[in-house]
Amino acid sequence: MKIVFATNNAHKLSEVSALLGDRFELVTLREVGITEDIPETGATLDENASIKARYVYERTGLNCFADDTGLEVEALDGAPGVHSARYATDGHDFAANNRKLLRELEGKVNRKARFRTVISLIVDGIERQVEGIVEGEITTSESGAEGFGYDPLFMPEGYDRTFAEMSAEEKNAISHRGRAVAKLVEMLHDIELE
Ligand code: IMP
């Protein structure tokens, strides 16, 4: 099955492609002629994943999926959430985002947080959603140099290292995105068998 992944992020593409196996041929946005940024105007991760998938389906008519991820911090009422990429600035400034997160949590005892990924899949016009969650907490200072984004500040439950102190394989096995993609794979196999 040929399927469009609504991303131009090569790292995400190879990660998901490896998990899907060779029965699915992944195609990027650029390959189907979508070069503009898809507007992410939703108020939630679920809405944004859906907006992106529907945008691709409406323009190409091809089976497709889109993902959206956010870090949800309990003491901050779920922030940065859907605004995770642009928490501190308008750009994707990971260092500034991490500084802001530490500032916002200064003096707070409750540092519980979770990463959540939502994937919207559209096959033959029917939309389905799955989510992947990893629970953890925000550390009081950054550790580790692997990964990206909030990884140096996120310590998953049951571990004494941050995501940035883990190899990509170790992180993917327990991460929000890894879990969401595992569900996507399951769902695609079920659909293929229908
Ligand atoms: P996206 O929806 O995958 O583009 O993710 C939105 C934002 O969430 C990113 O710009 C990062 O700030 C953050 N983020 C997403 N996934 C991760 C992760 O695995 N580790 C750390 N930060 C992440």
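If only residues of the range 142-169 that are in contact (Cβ under 8 Å) with a residue 40 or more places away in the chain and touching a Leu at 6+ places or on another chain (Cβ under 9 Å) are counted, the one that is farthest from the ligand (Cβ to nearest atom) is E142.
Looking at R116, R111, can you tell me which residue is modelled with pLDDT of 95 or more, touching a helix residue (DSSP H, G or I) at 6+ places or on another chain (Cβ under 8 Å) and crowded, with 18+ Cβ neighbours inside 10 Å?
Criteria check complete, one pass: R116.
Entry remark, the range 9-54: residues being small (G, A, S), at pLDDT below 95 and in contact with a strand residue (DSSP E or B) (Cβ under 7 Å, 6 or more places away or on another chain) number 1 in total.
F5 falls short of the stated requirement of being farther than 30 Å from G144 by Cα and touching a strand residue (DSSP E or B) at 6+ places or on another chain (Cβ under 6 Å). Residues in the range 127-141 that are within 12 Å of the ligand (Cβ to nearest atom) and either touching a residue at least 60 places away in the same chain (Cβ under 8 Å) or closer than 19 Å to V109 by Cα (or both): G136, I138.
When G70 is tested against (1) under 18 Å from the mean Cα position of the chain (by Cα); (2) surrounded by fewer than 17 Cβ atoms within 10 Å (Cβ to Cβ), just one condition goes unmet, and that condition is (2). Within the range 71-85, the set of residues being more than 8 Å from the ligand (Cβ to nearest atom) and either assigned to a helix (DSSP H, G or I) or β-branched (V, I, T) (or both) comprises V73, E74, A75, L76, G81, V82, H83. Within the set of pairs 6 or more residues apart or between chains, which connect a residue that is farther than 9 Å from R114 by Cα inside the range 70-86 to a residue that is at pLDDT below 95 with Cβ atoms less than 6 Å apart? Listed by first residue and then by second, the contacts come to A85/H92.
Inspection of the range 36-52 identifies no residue that is farther than 20 Å from G132 by Cα, within 13 Å of the ligand (Cβ to nearest atom) and basic (K, R).
The values are calculated or read from the model by the stated rules, or taken from the named source; none is laboratory data. Everything numeric in this text was worked out from a predicted model, so none of it was measured. So basically every Cβ, Gly included, is an ideal-geometry build from the backbone, and we count neighbours across all protein chains shown.
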